[in-house]
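What follows is a single structure, written as structure tokens, with notes after it.
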Amino acid sequence: MAVIIDGTAIAEKVRNEVRSGISDLVRERGEAARPSMALILVGNNMVSHNLVRMKARDCEQVGIIPRIIELPEETHEDALLSFIETLNRDDSVNAILCQLPVPQQISTKKLLAAIDTSKDVDGFTARIDADKTDIAACTPAGIMRMLREYDIDVKGKHCVVVGRSNIVGKPMSIQLLLHDATVTVCHSKTQNLSSFTKQADILIVAVGHARLITADMVKEGAVVIDVGMNYPEGKPVGDVDFAEVSKRASYISPVPGGVGPMTRAYLLKNCLELAKQYRR
Ligand code: NDP
């Protein structure tokens, strides 16, 4: 049976680190240096509303000042971009997050490009030539930490990432390359997916398809990280068939209680790191 990676416990450890990091920062540079995150919410999407409230609560619990900005569904793209520009120049805010998805009249690409890199707390504008010291997208950063906590070294390992989204799959593969893994990235056009997944020493799945990865697609002893969050019967289910794959894997992250809490914790960690680098 696989060791179950406890994302909830590691996330608590990360939150404690952030809390004490913020205390140190405020002690050294004064209250004005306390991290502050602008959370922009455009439109009426209820899931987004709940997520933003949850992120704001997470901020408060570690000592980050959250500032929720709610804009109407019909907000024009230009208006949002110029509002972001104002926040870029606002010294009382060191981190900016715009909750996705945004209404269709707004280009997500333009919106993300408008956020000043030095305030991009989601890490979505990370460059292809990023190095280990740059802020990484929260989910890949959280996964790298999970692996470190269990002494799983990716160096020289064959890591297979299923999914190539801008927020998980692509930045995940960059993080793995930065840490000297050999990386294969699969996607919806990949032919014979299992021929790749079966080669993985470390398999990271971010697709959004409940239980896509079955035991016969996994090498004996592989490390399996499940990013997926699906609700086929109302309860959260990952992209990996946990019950069967956990009999073959050496380590496996569960859903819930795996990657999800780590993503939340790394948003806070990124905010602290940006605040440390921020000079008003
Ligand atoms: P996207 O929909 O943006 O990307 C999904 C990726 O999976 C695409 O690259 C797509 O390929 C690929 N894909 C789709 N079907 C298949 C298939 N049958 N075989 C192989 N690849 C396939 O999703 P996200 O990356 O945003 O999220 C993925 C999952 O992770 C979702 O369930 C989401 O809810 C969850 N998630 C969880 C987080 C957490 O913190 N736990 C954080 C972020 C996401 P193509 O590019 O060809 O379309």
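What to note about this one:
- Placing unit charges on the Cβ atoms of the charged side chains and taking the dipole of the range 33-119 about its Cα centre, the candidate lying farthest along the positive direction among ASN45, ALA95, GLN105 is ALA95.
- Straight Cα distances below 15 angstrom link LYS119 to the aspartates and glutamates GLU85, ASP90, ASP91, ASP134, GLU273, with same-chain residues fewer than 8 positions distant left out.
- Its relative contact order, with pairs defined as Cα atoms under 8 Å and 6+ residues apart, puts the range 1-121 at 28 percent.
- Lysines with Cα under 16 Å of LYS155, excluding same-chain neighbours fewer than 8 positions away: LYS132
- The H on the amide N of LEU71, modeled in the peptide plane, is under 5 Å from the matching H of LEU41, VAL42, GLY43, each at least 5 residues off or on a different chain.
- Accessible area in square angstrom per residue, the chain, 1.4 angstrom probe: 47 Å²
- Shown here are the Rg and Dmax of the Cα trace of the chain, at 19.0, 57 Å.
- Charged-residue dipole, Cβ positions (Lys, Arg, Asp, Glu), the range 1-138 about Cα centre, Debye nearest 20: 300 debye
- For the range 17-137, the square roots of the Cα gyration tensor eigenvalues, ordered a ≥ b ≥ c, give a/c of at least 1.5 with a/b greater than b/c, which places it in the prolate category.
- Inter-centroid distance (Cα atoms) of the range 145-212 relative to the range 31-78, Å: 30 Å
- 24 Å Cα-Cα reach of LYS247 towards lysines, excluding residues that sit fewer than 8 places from it in its own chain: LYS157, LYS198, LYS219, LYS235
- Charge dipole of the chain about the Cα centre (unit charges at C-beta), most positive-ward option of VAL168, ILE4, ILE128: ILE4
- Interchain or long-range residues, amide H under 5 Å from VAL240's placed H: ARG211, LEU212, ILE213
- Ratio Rg/Rh, restricted to the range 148-280 and using Cα atoms, in which Rh is the Kirkwood radius: 0.99
- Against the rule of thumb 2.2 N^0.38 Å, how large the Cα Rg of the range 117-204 comes out: 1.08
- Trypsin sites (Lys or Arg not before Pro) restricted to the range 233-278 and DSSP loop, no more than 15 other C-beta within 10 Å: LYS247
- Counted over the chain, the DSSP beta bridges are approximately 5% antiparallel.
- Additional length obtainable on full extension of the chain from ASP131 to ILE69, 0.36 nm per residue less Cα span: 19.1 nm
- Rounded to the nearest 20, the Cβ-based charge dipole of the chain about its Cα centre (Lys and Arg +1, Asp and Glu -1) stands at 280 debye.
- The range 221-249-the range 264-280 distance, computed between alpha-carbon centres (Å): 31 Å
- Computed extension length for LYS13-SER188: 59.4 nm, one decimal, from 0.36 nm per residue of separation with the Cα-Cα distance subtracted.
- Over the chain, relative contact order from alpha-carbon pairs under 8 Å, at least 6 apart, %: 23 percent
The values are calculated or read from the model by the stated rules, or taken from the named source; none is laboratory data. The structure displayed is predicted, hence computed values, not measured ones. Using ideal geometry, Cβ is built from the backbone for each residue, glycine included, and neighbour counts are taken over all protein chains shown. What goes into the accessible areas is simple: the full protein's heavy atoms, side chains included, and nothing from ligands, DNA or RNA. Shrake-Rupley method; radii C 1.70, N 1.55, O 1.52, S 1.80 Å.
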